Amino acid sequence: MSEFLQFITPVALGGVYLWAVFWHKGTPEKSKVEQLADYQFPEVVRYVFRREHPGYDQADEDLAFKGLCEFFLLLFLEKEANRSLQLGMPSALIDDAWHAFIVCTHDYEKFCKHFYGRLIHHFPDVGALPHSMEDARVFKPDVMNTWKALKQNYKKWPGLFEPFNGLPLLFAADSSSSVSPGWIWSEESLKRLDTATLTPHKKGGSTVNEFTDGAAAVAGVVAVDGCGSAGTSCSAGGSGCGGGSCGSGCGGGGSGCGGC
């Protein structure tokens, strides 16, 4: 019996090895969409998030990184569809997770180059302050782009963008977390995003084009958007980081943000 066991053990191990090799070769590599959907942010990134935001609990943290994964998925799908519109971040909570990732420059650069072929820059706007969007009448183009891209990709990839508390996660995160202040979106404000049109609008002494729902767009009205934006086809130039946490605009490639 002992001789039989001595014989069968290496044979069995050899069989297991051959099965493992066959199984590995027979298993197709995950697509980048699947890789992104399953992506686990490095623990050091989560550590930075917790260190910078001690007021957030575990549920907030999980929500923030789930939302960030959805934002990166949206960027990727837009890139694959050859659409180069800049996308705005409609959540302060998720933007905080993005900042934590950016600080970990090695992990962030590796992630961006693997999925996008280049660094995805963050372009803050220090003048955009989170608040309730219940009565919002003016929207900046980058967040409007995010909303349209989300709706468009949801039709093709419904399993990738799960609703949260009745709203898309990117637009529901702040009202469902401890972040304060946050961008608080409602069903009504999202309906206005659906009907918004590009309208000349007075801001800072000059006329700019912004999305408005058709209500009176008068001088002095503060344009509202989300926190942070990323472009999929930024031109070269610029430093990339303005020093704030919220904003819009794809002003150029540049060196990125080492520690926003």
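The values are calculated or read from the model by the stated rules, or taken from the named source; none is laboratory data. Everything quoted here is computed from the prediction, not taken from an experiment. Every residue, glycine as well, gets a Cβ built from its backbone with ideal geometry; the counts of neighbours run over all protein chains shown. Accessible surface is based on the protein model in full, side chains and every heavy atom, while ligands, DNA and RNA are left aside. Shrake-Rupley method; radii C 1.70, N 1.55, O 1.52, S 1.80 Å.
Does Glu162 satisfy being more than 23 Å from Arg51 (Cα to Cα) and open to solvent by less than 40 Å² (accessible area, probe 1.4 Å)? For Glu162, the condition - more than 23 Å from Arg51 (Cα to Cα) and open to solvent by less than 40 Å² (accessible area, probe 1.4 Å) - is not met. Looking for something closer than 22 Å to Ser31 by Cβ and open to solvent by less than 20 Å² (accessible area, probe 1.4 Å) - is there at least one such residue anywhere in the stretch 138-146? Taking every residue of the stretch 138-146 in turn, none turns out to be closer than 22 Å to Ser31 by Cβ and open to solvent by less than 20 Å² (accessible area, probe 1.4 Å). Residue count for the stretch 137-165 under the criterion of being within 16 Å of Ser186 (Cα to Cα), out of contact with any strand residue (DSSP E or B) (no Cβ under 8 Å at 6 or more places or on another chain) and part of a loop (DSSP other than H, G, I, E, B): the result is 1.
Tell me which helices (runs of 4 or more DSSP H) are completely within the stretch 1-56 and hold 3 or more residues being modelled with pLDDT under 50 and exposed (fewer than 10 other Cβ atoms within 10 Å of the Cβ), or say none if there are none. Explain how you work it out, then say what you get.
Details: elements: 2-26, 32-37, 43-52.
Result: 2-26.
Under the condition of being assigned to a helix (DSSP H, G or I) and either among the aromatic types (Phe, Trp, Tyr) or open to solvent by 50 Å² or more (accessible area, probe 1.4 Å) (or both), the residues counted in the stretch 112-136 number 4.
When we screen Phe101, Phe72 for residues that are in a helix (DSSP H, G or I) and more than 15 Å from Asp38 (Cα to Cα), the only hit is Phe101.
Annotation: of all residues in the stretch 57-70 being crowded, with 24+ Cβ neighbours inside 10 Å and of a type in the set (A, V, I, L, M, F, W, C), the one that is farthest from the chain's Cα centre (by Cα) is Leu63.
Scan the stretch 168-185 for residues that are in contact with a helix residue (DSSP H, G or I) (Cβ under 8 Å, 6 or more places away or on another chain) and either at pLDDT below 90 or in a helix (DSSP H, G or I) (or both) and the total you get is 5. Could you please let me know if Pro90 is in a loop (DSSP other than H, G, I, E, B), touching a helix residue (DSSP H, G or I) at 6+ places or on another chain (Cβ under 7 Å) and surrounded by 19 or more Cβ atoms within 10 Å (Cβ to Cβ)? Taking the combined requirement at face value, the residue satisfies it. Please verify whether the stretch 93-105 includes one or more residues that are without any contact (Cβ under 8 Å) to a residue 24 or more places away in the chain, surrounded by fewer than 19 Cβ atoms within 10 Å (Cβ to Cβ), of a type in the set (S, T, N, Q) and out of contact with any Phe, Trp or Tyr (no Cβ under 6 Å at 6 or more places or on another chain). For the stretch 93-105, residues without any contact (Cβ under 8 Å) to a residue 24 or more places away in the chain, surrounded by fewer than 19 Cβ atoms within 10 Å (Cβ to Cβ), of a type in the set (S, T, N, Q) and out of contact with any Phe, Trp or Tyr (no Cβ under 6 Å at 6 or more places or on another chain): absent.
For Ile94, the conditions (1) more than 17 Å from the chain's Cα centre (by Cα); (2) among the β-branched types (Val, Ile, Thr); (3) closer than 20 Å to Gly182 by Cα all hold with the exception of (1).
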